[in-house]
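One structure is given below, encoded as structure tokens.
The values are calculated or read from the model by the stated rules, or taken from the named source; none is laboratory data. Note that the structure is a prediction, hence the values are computed from the model and not measured. All Cβ positions, glycine included, derive from the backbone under ideal geometry; neighbour counts span all protein chains shown. Note: areas computed on protein heavy atoms with side chains; ligands, DNA, RNA excluded. Shrake-Rupley method; radii C 1.70, N 1.55, O 1.52, S 1.80 Å.
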Amino acid sequence: MENSEYTLYFVGLSKNCFENTKKNLDFLVQFKENTNFDIKIIVIDSDSEDGTKEYCKELLSKNKIEDFKEEDNLTSRYSSRISRIAYCRNIGLNTIERTYTKPSLYIPMDFDLNLFEFLSEEKFIKLLNFFNES
């Protein structure tokens, strides 16, 4: 998949999980800078008050991520956490659909966890290439 005609869209969802959001974004940004994959990073945040929004805006201003969406007050509109997650994932899909035309692989991510804690860039490349070949 590296150097392929596909774009990888990493769409991360966050809400008051700054430490793990930062770790995940730092991994993805470094991965993007060190490989030839066509990568777009989008973050959708819901009501964070822990520095997450400021960090994402900083990355956006430095062109390290492609988009940052603030979807606040979701708890008042959707009482279920699952409904809020589904809403945010749909925002990500709609953003991709409206903005980009290249064939793609959409990878939704919940930034509550340190997703790459046990994964090196080399293993991540193998995993992505496996999906491309399947």
For this session: Let me know the Rg and Dmax you get for region 1-73 when you use only its Cα atoms, in Å.
Result: 12.5, 40
Problem set entry | 1.4 Å probe accessible area per residue over region 1-117, in Å² | 52
Seminar exercise, completed: Measuring from its Cα centre, the chain shows a charge dipole (+1 at each Lys and Arg Cβ, -1 at each Asp and Glu Cβ) which, in debye to the nearest 20, is 280
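Counting only C-alpha contacts under 8 Å and six or more residues apart, can you give the relative contact order of the chain as a whole percent? Walk me through the numbers before you get to the answer.
On the way: 188 pairs, mean separation 51.0, N = 134.
It comes to 38 percent, rounded to a whole number.
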Problem set entry | Apportionment of accessible area to carbon and sulfur, the chain, percent (1.4 Å) | 48
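Order 64-71, 89-96 from most to least packed using the mean count of other Cβ atoms within 10 Å. Don't skip to the answer; put the middle values down first.
Values: 64-71: 18.0, 89-96: 16.5.
For the peptides 64-71, 89-96, the packing ranking is 64-71, 89-96.
Kirkwood-based Rg over Rh for the chain (C-alpha set), two decimals?
Values: Rg = 14.6 Å, Rh = 15.3 Å.
Rounded to two decimals, Rg over Rh is 0.96.
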For this session: Mind jotting down a quarter of the surface of the convex hull over the alpha carbons of region 74-134, in square nanometres, one decimal?
Result: 5.9
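So how do 73-82, 45-54 stack up, highest first, on mean other-Cβ count within 10 Å?
Values: 73-82: 11.2, 45-54: 17.4.
Top to bottom by mean Cβ count within 10 Å: 45-54, 73-82.
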